[in-house]
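The values are calculated or read from the model by the stated rules, or taken from the named source; none is laboratory data. Note that the structure is predicted; figures quoted are calculated from it, not measured. A quick note on method: Cβ atoms are made from the backbone with ideal geometry, for glycine too, and the neighbour counts reach across all protein chains shown. With ligands, DNA and RNA removed, areas are computed over all heavy atoms of the protein, side chains included. Shrake-Rupley method; radii C 1.70, N 1.55, O 1.52, S 1.80 Å.
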Amino acid sequence: MAKTLFDKIWDKHVVQKIEDGPSVLYIDKHFIHEVTSPQAFAGIEKRGLKVFRPQQVVATADHNVPTLNQHLPIKDELSRLQVQQLIENCKKHHIELYGLGHPFQGIVHVIGPELGITQPGMTIVCGDSHTSTHGAFGAIAFGIGTSEVEMVFASQCVLQTKPKRMRINIEGELHNGVLSKDIILYIIAKITASGATGYFVEYAGSAIRSLSMESRMTICNMSIEMGARGGMIAPDETTFNYMKGRQFAPGVNQWEEKVAEWKELYTDADAVFDMEININASEIEPMITYGTNPGLGIGINGSIPVTDTIPDEGERKNIIKALQYMGLESGKQLLGMPVQHVFIGSCTNSRIEDLRLVAQLVKGRKKNEHVQVMIVPGSQQVAKQAQAEGLNKIFIEAGFEIRQAGCSACLGMNEDKIPAGEYCISTSNRNFEGRQGAGARTLLASPLTAAAAAITGVVTDVRTLEPVNS
Amino acid sequence: MQALQKINSRFVPIPMENIDTDQIIPARFLKATTRDGFGKNLFRDWRYENNDDTKPKEDFVLNQPQFSGEILVAGKNFGCGSSREHAAWALLDYGFKAVVSSFFADIFKNNALNNGVLPVTVSDEFLAKLFQLGNANTLSIDVEKQTITIDATGEQEVFDINPYKKTCLLNGYDDIDYLINHRSQIEAFEAQLTA
């Protein structure tokens, strides 16, 4: 029978299907971090258990860490204790930890792929909703809660109900200045923040095939923002070329055999999806959000919806409340609006390709004097690479502040926060109320749109930026 | 996990859609390493002025004494966003045993069930009816029968719950017990994977 890519991987990992219930799904790789793991460790210890397959678990510290002076003890006591707890738990249970100071440390969804740990055909989980990122390699990857982290510790399995399958096809060529971040913001704006709930999404079509691995990760990363269980892209030559030679990728002796296996990971021609959506790439403009969920986005030259004309009462109330929080007006454009902060980072857009794009744009320019710009590489390896390529020099000359690897101002948990009432153009994934700090107002956009605003100090269509005189 | 069979209680309405887990429990309160005590920060930034817990916002329902009970009723797409199980812990710690909505985000739904908090999915019409009820009304939820009833009028809806999860909830079983009991089967599966 014809199968989807998702079904091929899922079926291979089902240990048992409980009658009228979920499946026992075997997990190949389990990533953990300091915030959602301590209660799970405590849980198995209370049951007198050891971690069942510690060699299939990889840990890092990313959410609750400072991005300045990482060599010093963490100032905030609760944060220090939480990170210390991770160190102790990993030691006790023989789990590999890439903690602060380790050359592999970084945001969990950046380091897994860049180290070659993330591989096609795998099942991957982490106590973090953006685990969907790893689906870019043709893996089933999804976020789980702490009780489920405990399940994986105890048995290397989770109980999961099989989701429905959706395919989103994007055909054609992207406009200049449109990045994969714009593609995913466009999709979410089209189908809403709950439009894919209950589904696992496969992204396909020529526009997806043409993307780099970094760009594919950005798309899969935000699958959860439309409610999807996860998102995935079939592996191809782009995937194999990215992976070859990485630290934990299969070595030369196994390489050919593995690639042959991975080449079987595609959706059969006559496989059937529960839902299909077709999008023409030329419809997509650089995107920006105006509201307090990632589905409230518009083209950079567009206008905020006129709330009076929204027929659905729930949606209308929602947008009115969002605009009130954001201090924005119904029917108005965002273009030209001043912003006080630019944040370039997070598991969505902090990879070397993102930094290169930003550097290319800001080279020879200076940031606007009224804007604070923070650029946070996703990992120690990205930071090192940026330094080696001379990107840091460009950022410093532009007046950007470069930080050390971590989740930083994406989630208002560590020291990096946006002050109440101020606007931040952010390359991260969520614009929820208070997400970047209590009262902070987030406008989600691509790294290019964020960089353009850093230069001009206002919401800008990157395509209209005057070239630098050389 | 605590077993859950029936709830009969007044309810707290939040007629808002897309309530994300960052609102239920903001990230700055996730620094704890235990599951306890999250209830005091439930809906923290909607509940207090300027993060000051001596200044409750009077217009927020948790600060209005006429609303109380073990059931939270909220708009569609409840629990979207971050996978933080702290959201379920905060609801439970505050005293909620069930959340009623017309639509739940997937990860939240799993997290709630894994903590004995029952997500009850009702129709848009039934939800709208609940929001129109006065604060003195009580609701009855019966897990065995899978029903939710407005006590005053007898209006009732049947809700879906996976039969396996229903058994767990009624008896207080958890998934981890189930998985540990199947370890030998998991080991056999692993052996076949590498064969």
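Couple of notes before you dig in:
- Checked against (1) touching an Asp or Glu at 6+ places or on another chain (Cβ under 8 Å); (2) within 14 Å of chain B (Cβ to nearest Cβ); (3) farther than 30 Å from A:Ile44 by Cβ, A:Thr192 meets all criteria but (1).
- Check on A:Val35, closer than 20 Å to A:Ser155 by Cβ and under 22 Å from the mean Cα position of the chain (by Cα): no
- Residues in the stretch A:169-187 that are of a type in the set (A, V, I, L, M) and either surrounded by fewer than 22 Cβ atoms within 10 Å (Cβ to Cβ) or assigned to a helix (DSSP H, G or I) (or both): A:Leu174, A:Ile183, A:Ile184, A:Leu185, A:Ile187.
- A:Asp62 vs. criteria within 12 Å of chain B (Cβ to nearest Cβ), open to solvent by less than 70 Å² (accessible area, probe 1.4 Å) and acidic (Asp, Glu): no
- Residues (assigned to a helix (DSSP H, G or I), out of contact with any helix residue (DSSP H, G or I) (no Cβ under 6 Å at 6 or more places or on another chain) and open to solvent by 10 Å² or more (accessible area, probe 1.4 Å)) located in the stretch A:85-98: A:Ile87, A:Glu88, A:Lys91, A:Lys92
Every residue, every condition in (1) within 30 Å of A:Ile188 (Cβ to Cβ); (2) open to solvent by less than 10 Å² (accessible area, probe 1.4 Å), yes or no:
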{"position": "A:Leu72", "(1), (2)": "no, no"}
{"position": "A:Arg80", "(1), (2)": "no, no"}
{"position": "A:Leu100", "(1), (2)": "no, no"}
{"position": "A:Ile111", "(1), (2)": "yes, yes"}
{"position": "A:Gly143", "(1), (2)": "yes, yes"}
{"position": "A:Val149", "(1), (2)": "yes, yes"}
{"position": "A:Arg167", "(1), (2)": "yes, no"}
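- The one condition in (1) within 12 Å of A:Pro286 (Cα to Cα); (2) away from chain B (no Cβ under 14 Å); (3) within 20 Å of the chain's Cα centre (by Cα) that A:Leu444 fails to fulfil: (2)
- Number of positions in the stretch B:22-43 that are more than 7 Å from every other protein chain (Cβ to nearest Cβ), under 19 Å from B:Gly81 (Cβ atoms) and open to solvent by 20 Å² or more (accessible area, probe 1.4 Å): 1
- Among the criteria (1) within 11 Å of chain A (Cβ to nearest Cβ); (2) surrounded by fewer than 20 Cβ atoms within 10 Å (Cβ to Cβ); (3) of a type in the set (A, V, I, L, M), the one B:Ile19 does not fulfil is (2).
- Residue satisfying all of: in the stretch A:332-372; free of Cβ contacts under 8 Å to residues at least 60 places away in the same chain and in contact with a strand residue (DSSP E or B) (Cβ under 6 Å, 6 or more places away or on another chain); most open to solvent (accessible area, probe 1.4 Å) among these: A:Gln372
- The stretch B:183-195: number of residues that are surrounded by 18 or more Cβ atoms within 10 Å (Cβ to Cβ) and either out of contact with any strand residue (DSSP E or B) (no Cβ under 9 Å at 6 or more places or on another chain) or assigned to a loop (DSSP other than H, G, I, E, B) (or both): 0
- Cβ pairs under 8 Å, 6+ apart, first in the stretch B:47-68 and over 20 Å from A:Ala440 (Cβ atoms), second open to solvent by 50 Å² or more (accessible area, probe 1.4 Å) and polar (S, T, N, Q): B:Gln66/B:Asn135; B:Phe67/B:Asn135
- Residues considered: A:Gly421, A:Gly439. Of these, the only one that is in contact (Cβ under 8 Å) with a residue 24 or more places away in the chain, surrounded by fewer than 22 Cβ atoms within 10 Å (Cβ to Cβ) and either at positive phi or among the β-branched types (Val, Ile, Thr) (or both) is A:Gly421.
- Residues that are over 29 Å from A:Glu264 (Cα atoms) and within 8 Å of another protein chain (Cβ to nearest Cβ), drawn from the stretch A:20-34: A:Asp20, A:Gly21
- Cβ separations smaller than 6 Å between residues 6+ apart or across chains give the following pairs from the stretch A:114-126 residues that are modelled with pLDDT of 95 or more to residues that are among the charged types (D, E, K, R): A:Gly116/A:Arg246; A:Met122/A:Asp28; A:Met122/A:Lys29; A:Thr123/A:Asp28; A:Ile124/A:Lys29.
- Residue within the stretch A:42-58 that is part of a strand (DSSP E or B), charged (D, E, K, R) and under 22 Å from A:Ser155 (Cα atoms) present: no
- Screening the stretch B:87-109 for residues that are within 8 Å of chain A (Cβ to nearest Cβ) and out of contact with any Pro (no Cβ under 9 Å at 6 or more places or on another chain) and picking the one that is nearest to B:Gln23 (Cα to Cα) gives B:Ala88.
- Selected residue [assigned to a loop (DSSP other than H, G, I, E, B), within 14 Å of chain B (Cβ to nearest Cβ), out of contact with any His (no Cβ under 7 Å at 6 or more places or on another chain) and modelled with pLDDT of 95 or more] from A:Ser346, A:Ser350: A:Ser346
- Of everything listed in (1) touching a residue at least 60 places away in the same chain (Cβ under 8 Å); (2) outside any loop (DSSP other than H, G, I, E, B), the single unmet condition for A:Gln70 is (2).
- Residue in the stretch A:35-48 that is within 14 Å of another protein chain (Cβ to nearest Cβ), surrounded by fewer than 16 Cβ atoms within 10 Å (Cβ to Cβ), in contact (Cβ under 8 Å) with a residue 60 or more places away in the chain and not hydrophobic (A, V, I, L, M, F, W, C) present: yes
- Test: B:Ala128 is under 26 Å from A:Arg316 (Cβ atoms) and more than 7 Å from every other protein chain (Cβ to nearest Cβ): yes
- A single member of A:Ile425, A:Ile375, A:Ile396, A:Ile402 is touching a strand residue (DSSP E or B) at 6+ places or on another chain (Cβ under 6 Å), more than 27 Å from A:Leu335 (Cβ to Cβ) and more than 14 Å from chain B (Cβ to nearest Cβ), and it is A:Ile402.
- Residues that are in a loop (DSSP other than H, G, I, E, B) and open to solvent by less than 40 Å² (accessible area, probe 1.4 Å), drawn from the stretch A:232-267: A:Ile233, A:Ala234, A:Pro235, A:Asp236, A:Ala249, A:Pro250, A:Gly251, A:Leu265, A:Thr267
- In the stretch A:120-141, the residues that are buried (at least 24 other Cβ atoms within 10 Å of the Cβ) and among the hydrophobic types (A, V, I, L, M, F, W, C): A:Ile124, A:Val125, A:Cys126, A:Ala136, A:Phe137, A:Ala139, A:Ile140, A:Ala141
- Among the residues listed as A:Ile117, A:Ile107, A:Ile191, the single one being crowded, with 24+ Cβ neighbours inside 10 Å and either in contact with a helix residue (DSSP H, G or I) (Cβ under 8 Å, 6 or more places away or on another chain) or not charged (D, E, K, R) (or both): A:Ile107
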